[in-house]
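**Q** Sharing a structure with you now.
Bear in mind that the values in this text are calculations on the coordinates, not laboratory data. For clarity, every value in this text was computed on a predicted model and none was experimentally measured.
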Amino acid sequence: MRKGCISVGVDRVIERAGVAKATLYTVFGNKDGLVQAYLSTRHDRTREQMTRELAARYTTPRERLLGVFDVQGLAFTEPGFRGCAFVGASAEAAAGSSVEAVAEDARAWVRSLFLDLAKEAGARDPEQLAQQLVLLYDGAGISAWMDHDPSAATAARAVATALVDAAIPEADKSGNNRK
């Protein structure tokens, strides 16, 4: 994904993978199928890591809600971090393509992650808080990539803390009143 989905031809993929063209087409159908498989695998790994890290590192719903930014920040420090693979692939994909569909599935998961955590944390308006945090999450990813600055996760978490504090009633700030 470093050079983009559309700009890299099938011949280059085959050369790099060391497989026959027939094998690529048998397994993936076409280049869109290959990109879809890559994105699906990437999404599965992200979801599994997020779930595992949030459960292991944070005890309250409020901590897990803010911890999403800490876990996101782990990707920002990986060698060769190039931003969100779904943003890049979606920018190049044709409307209605399988790539667009798998990217939308990943986006829906991010939205539901924040919404579920906002509800568990006791936010007065969990839909609004989730929408705000998704925007912040997206912005952190773009900033970390474009500015080559992994500290974007820390800055995003600080802003998220202010949003969460404003959205959760005082009695629920400890997170102990919820799951």
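**Q** Give me the number: length gained by fully extending Ala166 to Ala17, i.e. 0.36 nm times residue separation minus the C-alpha to C-alpha distance, one decimal in nm.
**A** Result: 48.6 nm gained on full extension.
**Q** Counting only helical runs of four or more DSSP H residues, what would the 222 nm mean residue ellipticity of the chain come to if each run contributes -39,500 (n - 2.57) and the total is spread over all its residues?
**A** About -23500 deg cm²/dmol.
**Q** Ok, one more. Let me make sure I get this right: for region 10-172, a, b and c are the square roots of the gyration tensor eigenvalues over alpha carbons, sorted descending. Under 1.5 in a/c it's rounded, otherwise prolate if a/b > b/c, else oblate. Which is it?
**A** Because a/c hits 1.5 or more and a/b exceeds b/c, region 10-172 counts as prolate.
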